[in-house]
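Shown next, in structure tokens, is the structure this report addresses.
The values are calculated or read from the model by the stated rules, or taken from the named source; none is laboratory data. Quick caveat, the model's predicted, so the values are computed rather than measured. Cβ coordinates were reconstructed from backbone atoms using ideal geometry, including for glycine residues, and neighbour counts include every protein chain displayed.
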Amino acid sequence: MKDTNSPQTVIQQREYQLVILKRLKKNFSKGIHCIAEVDTGLGKRVLTYLLIKEVLPTQRVLLLLHSTTSYLETIHYFENEYGGFENKEFQSFSSRTPTWLRKKIIADARIVASTPQTFANVFEKVASPKPKFDAIIINEVDKIVRRQGDSRLLIFPYNTLIPFFIQDAWIVGMTGTLRDSHIFYDHQKDQINIRDERVTLDKRIPDLEVISMDELMSATDVNSYIQYTKIKKELVEPSDALRLILEHIDQGIKNLRELILEEQQAENPTLLEMIPSSQLALVSGMLEANDTQKYNGLLLTRKYTVSMQVDKYKKFLYRLKKFGIEKQMIHAIPETNAKIKKILDVLKNRDSSSKTVVLCSYLDTAHLLVQKVNIEGFVPFLVTGEVRNKSDVLNEFKSHPKKSVLIMTSVGERDIDIPQADLLIVYDVVNTVKTMYQRMKRTRGGLVLTLCYKNTFEEKKVDRLLIEISRRYPWSSIIGK
């Protein structure tokens with residue numbers, strides 16, 4: 001909460017934060033690496049600051065922040081909101097910092113903050129013996145596990161940084177979503193497997209303890225601070241032509257899946273032993289079957305068809321005559337996307353000062369939404385990977401007094417939180433449960449409408465997604481109808 005007599009935030013520690021810090025202090029003294037699972041909106045940044053300030057008051061600390069957005073926000077909050085650190089012991093550097101200064105900061109500063117890639121790029125240039133750290137704090141530690149991999153199960157540069165630091169430094173990770181799986185190829189058994197990311201982290205970081213949300217929910221006051229999000233499936237009626245096209249694509253995907261499985265079964269019966277046939281899409285990129293390229297192409301075309309605008313995805317449909325899709329079907333698709341109409345209908349019923357966020361996958365959809373929203377008299381704001389002044393756009397959206405809509409692509413929305421909005425509309429979903437949950441928590445509560453075409457594969461996909469979110473994150477998700 002804010003102190004009205006000071007520009008800085010007065011940190012009032014909550015019971016669950018004290019419990020976490022006590023556990024971390026105990027683990028540090030015993031040399032036990034640790035991960036704190038703290039759900040979105042419960043203050044991972046505050047915990048990180050208190051960890052450095054209270055548990056590690058004299059130790060050398062390396063703070064690795066997952067993205068540039070997270071890096072900039074953390075620096076701002078540490079220095080301008082939480083009180084900072086004494087004697088300029090907290091130093092940070094970005095890719096714009098001169099190399100000589102980065103090396104000096106790594107060698108001299110007690111607390112060093114950077115993105116992992118930027119740190120690794122300069123650390124390899126530091127002459128031996130390289131500086132040592134007492135503790136390595138990894139923000140969003142779940143994201144260091146590769147979604148698909150073989151012998152290298154961690155993303156770069158963690159696959160080299162962790163083995164280097166593991167002998168001398170205490171490693172602690174912060175995360176809100178440590179409940180997903182990843183795919184890897186086991187060379188010894190010649191198998192493709194799905195494994196929990198927590199298990200992989202345990203194998204790469206020995207003697208690892210996890211402070212889980214389940215534990216915090218049963219033993220602390222954390223439930224009092226959780227911001228519940230109601231997630232609803234919002235059905236959109238597709239045109240007859242679009243429904244027929246999706247049915248043809250679905251059948252083509254099913255047929256190719258059967259061919260690939262038959263081929264793999266004949267060549268190597270154990271290769272896919274741990275993978276359900278329904279999840280073949282997850283591992284198709286790791287296979288060398290004859291029809292894999294066609295299969296992946298159909299999957300991608302189907303995604304384009306429900307995520308892009310009509311004039312953009314039509315060109316991909318013309319290539320699918322062999323799957324029963326004729327030109328007359330394509331020409332019969334209405335030019336105006338039904339999902340766009342649904343969004344405009346929802347916005348028309350919003351209050352005059354309401355703030356809405358719309359998330360979509362592709363730029364063409366984002367730009368069209370900006371045009372349509374503007375024509376209807378609403379004030380649109382756009383954040384994509386192409387927008388450099390994201391913070392300015394976000395601040396303007398948050399402070400705008402009239403009905404406004406923030407439209408973001410999946411690249412643009414990374415590590416962005418908008419608690420000022422009470423409605424979030426998801427234009428299209430991806431299969432990764434963790435990713436969708438993180439997107440749905442951007443508004444820190446309120447209502448999430450997940451659009452999907454009625455009686456198509458997309459509705460089934462959304463149903464599976466909502467079931468998994470409810471199962472994995474029951475403490476903050478209310479699945480509505």
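For T450, state whether it is in contact (Cβ under 8 Å) with a residue 60 or more places away in the chain and either in a loop (DSSP other than H, G, I, E, B) or of a type in the set (F, W, Y) (or both). Considered against the rule, which asks whether it is in contact (Cβ under 8 Å) with a residue 60 or more places away in the chain and either in a loop (DSSP other than H, G, I, E, B) or of a type in the set (F, W, Y) (or both), T450 comes out as no. Criterion applied to V122, V112 was being modelled with pLDDT of 95 or more, assigned to a helix (DSSP H, G or I) and touching a strand residue (DSSP E or B) at 6+ places or on another chain (Cβ under 9 Å), and the one residue passing it is V122. Among the residues of this structure, D250 counts as one that is under 30 Å from L317 (Cβ atoms) and touching a helix residue (DSSP H, G or I) at 6+ places or on another chain (Cβ under 6 Å). With respect to (1) modelled with pLDDT of 95 or more; (2) assigned to a loop (DSSP other than H, G, I, E, B); (3) within 21 Å of the chain's Cα centre (by Cα); (4) not hydroxyl-bearing (S, T, Y), the lone exception for E386 is condition (1). Can you tell me which residue is nearest to the chain's Cα centre (by Cα) among those in region 389-408 that are among the small types (G, A, S) and surrounded by 14 or more Cβ atoms within 10 Å (Cβ to Cβ)? The residue in question is S391.
Candidates in region 388-414 are the residues that are touching a strand residue (DSSP E or B) at 6+ places or on another chain (Cβ under 9 Å) and aliphatic (A, V, I, L, M); of these, the one that is farthest from T69 (Cα to Cα) is V405.
From the list T443, T456, T450, the lone residue that is at pLDDT below 95 and either assigned by TED's automatic domain parsing to the domain that holds L300 or of a type in the set (S, T, N, Q) (or both) is T443. Per the listing T443, T435, the residue uniquely part of a helix (DSSP H, G or I) and of a type in the set (S, T, Y) is T435.
Conditions tested, residue by residue: (1) surrounded by fewer than 18 Cβ atoms within 10 Å (Cβ to Cβ); (2) among the hydrophobic types (A, V, I, L, M, F, W, C); (3) over 26 Å from D392 (Cβ atoms); (4) assigned by TED's automatic domain parsing to the domain that holds L394.
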{"position": "R23", "(1), (2), (3), (4)": "yes, no, yes, no"}
{"position": "P57", "(1), (2), (3), (4)": "yes, no, yes, no"}
{"position": "L64", "(1), (2), (3), (4)": "no, yes, yes, no"}
{"position": "S94", "(1), (2), (3), (4)": "yes, no, no, no"}
{"position": "L101", "(1), (2), (3), (4)": "yes, yes, yes, no"}
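Residue count for region 134-163 satisfying the condition of being buried (at least 16 other Cβ atoms within 10 Å of the Cβ), part of a helix (DSSP H, G or I) and not basic (K, R): 7. Restricting region 48-75 to residues that are of a type in the set (A, V, I, L, M, F, W, C) and more than 20 Å from the chain's Cα centre (by Cα) leaves a set whose member that is farthest from T118 (Cα to Cα) is V55.
For region 292-308, the set of residues classified as modelled with pLDDT under 95 and touching a Ser or Thr at 6+ places or on another chain (Cβ under 7 Å) consists of T292, Y295, N296, listed by residue number.
Residue count for region 362-377 satisfying the condition of being surrounded by fewer than 19 Cβ atoms within 10 Å (Cβ to Cβ), not in a helix (DSSP H, G or I) and not charged (D, E, K, R): 1.
Among the residues of region 248-272 satisfying the criterion of being over 29 Å from the mean Cα position of the chain (by Cα) and in contact (Cβ under 8 Å) with a residue 40 or more places away in the chain, which is surrounded by the most Cβ atoms within 10 Å (Cβ to Cβ)? Here the residue is L256. Within region 78-94, restricting attention to residues that are assigned to a loop (DSSP other than H, G, I, E, B) and more than 29 Å from E386 (Cβ to Cβ), the residue that is modelled with the lowest pLDDT is G83.
Restricting L451, L394 to those that are in contact with an Asp or Glu (Cβ under 6 Å, 6 or more places away or on another chain) and within 23 Å of L368 (Cβ to Cβ) reduces the list to L451. The single residue among S352, S361 that is touching a helix residue (DSSP H, G or I) at 6+ places or on another chain (Cβ under 8 Å), within 30 Å of D417 (Cα to Cα) and of a type outside the set (A, V, I, L, M, F, W, C) turns out to be S361. Taking every residue in region 73-88 that is in the same structural domain as L56 (by TED's automatic domain parsing) and pairing it with any residue that is modelled with pLDDT under 90 and charged (D, E, K, R), at least 6 positions away or on another chain, the pairs with Cβ-Cβ distances below 8 Å are E73/D415. Based on what the data block shows, is V429 among the hydrophobic types (A, V, I, L, M, F, W, C), in a loop (DSSP other than H, G, I, E, B) and in the same structural domain as L347 (by TED's automatic domain parsing)? It is true that V429 is among the hydrophobic types (A, V, I, L, M, F, W, C), in a loop (DSSP other than H, G, I, E, B) and in the same structural domain as L347 (by TED's automatic domain parsing). For region 47-77, a residue qualifies if it is assigned to a strand (DSSP E or B) and among the basic types (K, R), but none of them does. Within the option set Y313, Y318, being surrounded by 17 or more Cβ atoms within 10 Å (Cβ to Cβ), in contact (Cβ under 8 Å) with a residue 12 or more places away in the chain and on the phi < 0 side of the Ramachandran plot holds for one residue only, Y313.
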